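Please read the structure below before turning to the comments.
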């Protein structure tokens, strides 16, 4: 995977969570995801095609997404529901769009598919590209979430 | 969504499950998915771009995927593990590829992203396109599985 791809996704994530949900999220150090149960309670996943093929996911614990969505809606949300699922889909779409816009400026033309949102306590995600999956952890005052990107070599 | 898209995915699914895993799967009547907990224990998801954008998923109960993968590997598999996840990714890729090949012959050029595989007891999937999500149920001697396709209008 082109390491140039990591930073636009990192920046887009912090930016979207801040502008959409008025929530500060602090990125940790990106790492290569090894097999293991890095999971979440709700995830947005989006496929990416174009110059290369891949996928991006963002996974939240229930506590973390409830904080983010409460900030976004301006009212307290205490559990994952239909509105939270829609918000995760929207967040996923916006991060993918922002990151792809920055990559396009650098000459990498990528297209986003339509996101899907997975709900289910402690599910795990495996990206099937030929390249390594890069995980970018973020911390918020409501807990952690994780962005993963994976592209074919 | 173009209803012409449904049949190629239906045919490709039965064909891939039969030729890869020597397992008969009988398609039921496709229906428009309403909000509700149509879930599974393991799912493959793939984003699709091109003439339109969308996503396809295939979700299995643990019992059903264990039967399919046991048939595929020629040895008994009794629970979801790394090899089962890889098999679900491969099945997802092949169904998407077969269906897109048939659609290309009809003049609909679509591109597949890289699949992701979700594991987690009874997770649910929500497709975020603007069109309806079409669910196609299949039955096998090991239980049911479900294919969902969803495209932007």
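What follows draws every value from the coordinates through simple rules; no lab data is involved. No experiment lies behind these values; they were computed from the predicted model shown. Neighbour counts run over all protein chains shown; Cβ positions are idealised from the backbone, glycine included.
For chain B, what's the relative contact order in percent, using C-alpha pairs closer than 8 Å and at least 6 residues apart?
Working: 315 pairs, mean separation 57.4, N = 153.
Answer for chain B is 38 percent.
Please report the residue of chain B with the smallest beta-carbon distance to the B-to-A rotation axis, and give that distance in Å, no decimals.
B:47, 1
Quick one: angle between helix A:6-21 and the longest Cα principal axis of chain A, in degrees between 0 and 90, rounded to 10, please.
20 degrees
7 Å along Cα→Cβ for the label point: how many nanometres lie between residue A:109 and each equivalent label in the other copies, listed shortest first?
1.2
Which whole number gives the average, over all residues in B:147-153, of C-beta atoms from other chains lying within 10 Å of the residue C-beta?
Values: counts 0, 1, 0, 2, 2, 2, 0.
What the average comes to for B:147-153 is 1.
On average, how much area does the Cα convex hull of the protein assembly as shown cover when viewed from any direction, in nm²? Don't jump to the answer; show the numbers that get you there.
Numbers: hull surface 58.5 nm².
If I average the Cα hull's projected area over directions, I get 14.6 nm².
Which distances, shortest first and in nm, link residue B:73 to the matching position in the other copies, using label points set 7 Å out along Cα to C-beta?
Ordered by distance, the counterparts are at 4.2 nm.
Put a dot 7 Å past each Cα toward the Cβ at residue B:34 and residue B:152; how far apart are the dots in nm?
Going from the residue B:152 label point to the residue B:34 one covers 2.8 nm.
Contour minus end-to-end for residue A:108 and residue A:26, with contour as 0.36 nm per residue of separation and end-to-end as the Cα-Cα distance? Provide the component values of the computation, followed by the final result.
Working: separation 82, 0.36 × 82 = 29.52 nm, distance 2.62 nm.
Residue separation times 0.36 nm, minus the Cα-Cα distance, leaves 26.9 nm.
Enter the mean number of other protein chain beta carbons within 10 Å of the beta carbon of each residue in A:44-57, as an integer. Mind showing how you got there, number by number?
Working: counts 2, 10, 7, 16, 4, 10, 3, 0, 2, 8, 4, 7, 3, 3.
Per residue, the number of nearby Cβ atoms from other chains is 6 on average.
How large are Rg and Dmax for segment B:11-150 when only the alpha carbon atoms are used, in Å?
Looking at segment B:11-150, its Cα Rg and Dmax stand at 14.2, 42 Å.
Provide an ascending nm list, one decimal, of label-point separations from residue B:2 to the equivalent residue in each further copy; define each label point as 7 Å from Cα along Cα→Cβ.
For residue B:2, the inter-copy label distances come out at 3.0 nm.
Shielding by partners for A:106-116, please: the mean number of other protein chain Cβ atoms within 10 Å of each residue's Cβ. Spell out each step's value before the answer.
On the way: counts 0, 0, 0, 0, 1, 6, 4, 18, 15, 7, 18.
That works out to 6 on average.
Using only DSSP helix segments of four residues or longer, with each worth -39500 (n - 2.57), what per-residue ellipticity at 222 nm results for chain B after dividing by its residue count and rounding to 500?
Working: 3 runs with 52 residues, N = 153.
Counting only the DSSP helices, I get -11500 deg cm²/dmol.
Between segment B:64-130 and segment A:46-117, what is the separation of their alpha carbon centroids in Å?
Using only Cα atoms to place each centre, the spacing works out to 22 Å.
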